[in-house]
Every structure is written in C-alpha cells, then in structure tokens.
Amino acid sequence: MPLPLEIIILAAGKGTRMHSHRPKVLQELGGRPLLAHVLACAHALAPAAVHVVYGHGGERVPRAFADAGVSWVLQKAQKGTGHAVREAMSHVSKDALALVLYGDVPLIAPDTLRDLAAAASKDTLALLTAELPDPGNYGRILRNAEGAVVKIVEHKDAGELERAVREVNTGFLAAPAERLSAWLARLGNDNVQGEYYLTDIIEIAVADGLTVATRRPRSAWEILGVNSQQELAQLERIYQMQQAEKLMQQGVTLRDPARFDLRGELKAGRDVVIDVNVVLEGKVVLGDGVHIGPNNVIRDATIGAGTVVQPNCVIEESVVGQACRIGPFARLRPDTRLADRVHIGNFVEVKKSDVGAGSKINHLSYIGDTTVGKDVNIGAGTITCNYDGADKHRTVIGDGCFIGSSTQLVAPVTVGEGATIGAGSTIVQDAPPGELTLSRAGQKTVQGWKRPAKKDKSGKRKE
Ligand code: UD1
Ligand code: CA
C-alpha cells in the first residue's frame, strides 16, 4: 500500500532578486500568481493534504488564495528551505509520504511529480534532478564512484570542481514524513548563507543508510525557477508557447504563436483565426469562425460565431453575438451585450448597453447605459449624455430608429420605435414613435458678407 500523499509548498521566501514589493509567489505568469500554478499542479495529484509555508509578504499570500483548500503554515523568519519544511512537518501526519514543491517553480507538471512520488518508499528518498548545460545557481548533485547520490552542495558553498557538475537539484523531493522530520531536526546552518538548507538532509539520509533515488522531469522547462525579472520573462515565453501549441493542436489558427498572449482561459470553436499581438485575459469564448484581427485586447468576453473583430479594439466583460463586425478602433466596456449582426465601427465606445440585432453604430459615438432596439442606425458622432454629474440615466432607442449624425440624447430619454432624429439635434424629451424629431436653430445666410482678407507685404489688404 503506498503511503498517503501530503504536499508541502515552500512560499515564504523574500525573493530579494526580484527587486519588488510584491511577495515573489504573487508575481504573475500567464496572468496568474506563480503560486496558483503550483497549487493547480498539487491538486492535480489528489493529495490527502496541501500545506503552504508562507511568511514574507505576510497575510497577502493566504489572502490571495482564500478558497485554495490548503492549510497555511506561517514561517515567521525565513531561515532557509530546511527550516521552512520543518515548520510544516508538525501539520503533516506521520504515516504520510511528504512531497516538497517550490512556490517559485511554476511549470512543474503532475506527471513528473507522480513519477517522483512513486520512486519514494519507506527506505527511499526520491529526488528530482536535471542535467543543465549551464547549471547556474542551482545546487549541485554529488555522486560517489558507484554513481549513488551522497550529497547536495549549494552553488554558493561549492568549490570549483563541484561547480563544474552539471547535474542540479531541482528542489523537488519525496520522502516518508516521519523520517523527513527526524532528518530536519538534525540540520545545522553552518554555511555561507547561515540558513538551514533542506538540501543537507540528503547527506543525513545517506548516513542513515537510505537510498536516494533520482528521477528526471519529463520536459526540461518544468524545473526552471523564478528568482529574477529575467527568469520571469523567460518562463512567461515558455508558458505562452505551451498554450499556443495546445490551441493549435485544437485547430486554432495563430498567425504567429510567438506574438500571442493568453492570460486566462480560451474556449475556441472551429476555424478560429487569431492574428498577431492579440492579448486574451480572463475567460474568453470565441465561437466557430471568429476572426480576431491584429492588436486586440479581449478580457472576459464571449464572441459569437462568424464575428470579425478588426484591428485595435478593446473588449471587456461583454457578450457579442454572431456575425457582428467590430472595429477597427472600437471599445466595448463592461456590460455590453450585442445581438447578432451588429456593426460597431471606428472610435465607437459602448458601455453597459444592449444593442439589438442588425443595428449599426459605425463612427465616432458614445453609447452608455442604453437599450438600442433592432435594425437601428446610429449616425456618426452620436452621444448618449448619460451622466448629469451625480447620477447615470438610461436612454432607450426603439426598433428601426434612425438617429441623425451628431445627435446628443440627454438621458433619461426614450426615442420611440421607428422614429427619425434629425442630424445635429439635442434631444431632451421623449421623441414619439414613427415621427421626425429634430432640434436645430434655423439656418440663415448673411448676404454680401466678406471673409477677412490677408495683408500683402506693403500692408495693404488683398482684394
Ligand atoms: C533552492 C535549493 C537549490 C535548488 C533550487 C532549485 C536549498 C538550500 N537550495 O535554491 O539546491 O537548486 O532551490 O530551484 O534548498 N523559502 C521559504 N522559506 C525560506 C527560504 C525559502 O519558504 O526560509 C522558499 C522560497 O519562497 C522559494 C523556495 O523556498 O519558493 C526556494 O527558495 P530560494 O531562496 O529561491 O532557493 P534557491 O536559492 O533557488
Ligand atoms: Ca528559487
């Protein structure tokens, strides 16, 4: 019978090298905190418990994961990775298999950890190691003449020969909880950093006669840690490329996977085409045949089948129907709902509004807090004046209306079904259905009026 699995995630470190006020595990990768990625991986293993050691940044970390279903262990002072695990051990049941993960190593995959946990047993400590062309600042794995692991030496404590070793400690390990606790109690901090190193338990375990089994990650990037902004950027690119690959496998056409950013989740239908420099955030749903042009930012939105979003639009918290045409240069703000076949053109801003099927708002308009019926044509430069300085008011435009260009609709106001509003009107009262309503000063011509003429060099006005 395998031991029940309990996972310990180390997330208390300062992250000094990030030069940031934000706790390191709250730095974002693909729009989610690093720790969120590690938690998702941990939960995928269906463990008996997950313990997260937090400390630097205080309650900000647990607060960011209020519903994570984990137990939080406070490490008041950051005295090293060994000390961090020791703090957690009093919460871990004795008969469990403890698996240690790192809050700053976010791309680790469940399959690799399953291999690792399976390699551990009552008498075996399992360690995930990797061979790196440039072992950098990672701890080095030291093996004896028979090839058995005997010790890990931290980069900072390593001599020249040890630094030449290319097999590195990834930090991930699995061991029986009871034994792990015993080894941790024996750790010292006599090293360059004056810290209790988790890595020192290897030497202690070997002295106890235990075998150290090593396993390799399935993909090289899984073990990369985030310790600096450069590493964060590197991991972001790897992560984005992985997501792009998955989408392409599902049939999404990405014009350039290197210029695509998904910071959340995308559900895409068939024959979706996404052009370059598109940023998708939160939950985005794109129906069959949706075409997203270059330079679009779309957050928490659903876009219906056959809709085309032309270049340079921003769409947030909106629902767009089928066969619509949006942009270029359109902005859909939260709570916008467009029915099918709606056209929203350049320099049009829509907020908290419903627009009925087949309606068109093609140029330079602001439509806020408005209900637009179906088959309405809203002329260029139309503005709903929804705000009186204190409160917001609604505008209602009935089916089949025609709103002339440069109209201001001063809310609250209703334009009845089939009404026409003359261009340049300021509408302050309800306009009756089916009629032409306009408010406009009469046009006049000043006979014989002359435009002022420019002076010539001698100072005389030109005729
Ligand atoms: C650690 C390993 C190193 C390994 C590398 C892999 C040790 C001593 N070194 O080095 O062998 O190659 O990871 O990425 O274990 N943390 C705490 N409390 C502390 C200190 C750290 O919770 O007191 C957490 C950090 O938040 C971080 C993790 O432990 O998530 C690792 O700490 P970090 O300081 O980044 O260790 P490395 O120098 O990367
Ligand atoms: Ca690290």
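Values as computed for the structure displayed
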| read-out | value |
| --- | --- |
| Surface accessible to a 1.4 Å probe, per residue, for the residues of segment 106-203, Å² | 44 |
| Computed helical MRE - 222 nm, the chain, DSSP H runs ≥ 4 contributing -39500 (n - 2.57), nearest 500 | -4500 deg cm²/dmol |
| Accessible area expressed per residue, segment 309-369, with surrounding protein chains retained (probe 1.4 Å, Å²) | 38 |
| Counting DSSP beta bridges with both ends in the chain, the antiparallel % (nearest 5) | 15 |
| Accessible surface of segment 1-109 [probe 1.4 Å, protein heavy atoms]: carbon and sulfur percent | 53 |
| Leading residue at positive end of dipole, the chain (Cβ point charges), from Gly404, Val309, Gly287 | Gly404 |
| Backbone HN-Hα couplings from phi across segment 17-28 [Karplus 6.51/-1.76/1.60, Hz, Gly and Pro as x] | 6, 7, 6, 9, 7, 7, x, 4, 5, 9, 4, 9 |
| Contour minus Cα-Cα distance for Asp271 and Phe347 (0.36 nm per residue) | 24.5 nm |
| With DNA, RNA and ligands ignored, accessible area of Lys267 (1.4 Å probe; Å², nearest 10) | 140 |
| Gain in span if fully extended, Lys122 to Thr211, counting 0.36 nm per residue against the direct Cα distance | 31.0 nm |
| DSSP-defined beta bridges in segment 5-223 - what % are antiparallel, rounded to 5 | 45 |
| Efficiency of FRET between Ile238 and Ser90 - r from beta-carbon atoms, R0 30 angstrom, step 0.05 | 0.25 |
| In sequence order, calculated HN-Hα J values of segment 96-112 (Karplus, 6.51, -1.76, 1.60; Hz; x Gly/Pro) | 8, 9, 8, 10, 9, 10, 10, x, 9, 10, x, 9, 4, 10, x, 4, 4 |
| Charge dipole magnitude, Cβ of K and R +1, D and E -1 - the chain, Cα centre, debye nearest 20 | 2300 |
| Unit charges at the beta carbon, dipole of the chain: most positive-side option, Asn189, Gln250, Leu338 | Leu338 |
| Sequence of Ser405, Ser425 from largest to smallest accessible area, 1.4 Å probe | Ser405, Ser425 |
| His19-Asn189 pseudo-label distance in nm [points 7 Å out on the Cα-to-Cβ vector] | 2.8 |
| Of all accessible heavy-atom area on segment 229-437, the percent that carbon and sulfur account for (1.4 Å) | 51 |
| Largest-first ordering by accessible area, 1.4 Å probe, given options Arg331, Arg461 | Arg461, Arg331 |
| Nearest-ten-degree value, helix 34-44 long axis tilted from longest Cα axis of the chain | 70 |
| Label-point separation in nm, Val428 to Arg451, each point 7 Å along Cα→Cβ | 3.5 |
| About the Cα centre, charge dipole magnitude for segment 402-457 (Lys/Arg +1, Asp/Glu -1 at Cβ), debye | 900 |
| Net lengthening on full extension, Trp221/Arg255 (0.36 nm per residue, minus Cα-Cα) | 9.8 nm |
| Placed amide H near Asp430: partners under 5 Å, 5+ positions off or other chain | Thr414 |
| For Asn362, distant residues with modelled amide H under 5 Å away | Gly345, Ile378 |
| Area of Asp115 that stays accessible when all protein chains are in place (1.4 Å probe, Å², to 10) | 50 |
| Dipole magnitude (debye, nearest 20) for segment 5-223, charges at Cβ of Lys, Arg, Asp, Glu | 480 |
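The values are calculated or read from the model by the stated rules, or taken from the named source; none is laboratory data. Model, not experiment: these values are computed from the prediction. Please note: Cβ atoms are built from the backbone with ideal geometry, for glycine as well, and neighbour counts cover all protein chains shown. Please note that ligands, DNA and RNA were not included when accessible areas were found on the heavy atoms of the full protein model with its side chains. Shrake-Rupley method; radii C 1.70, N 1.55, O 1.52, S 1.80 Å.
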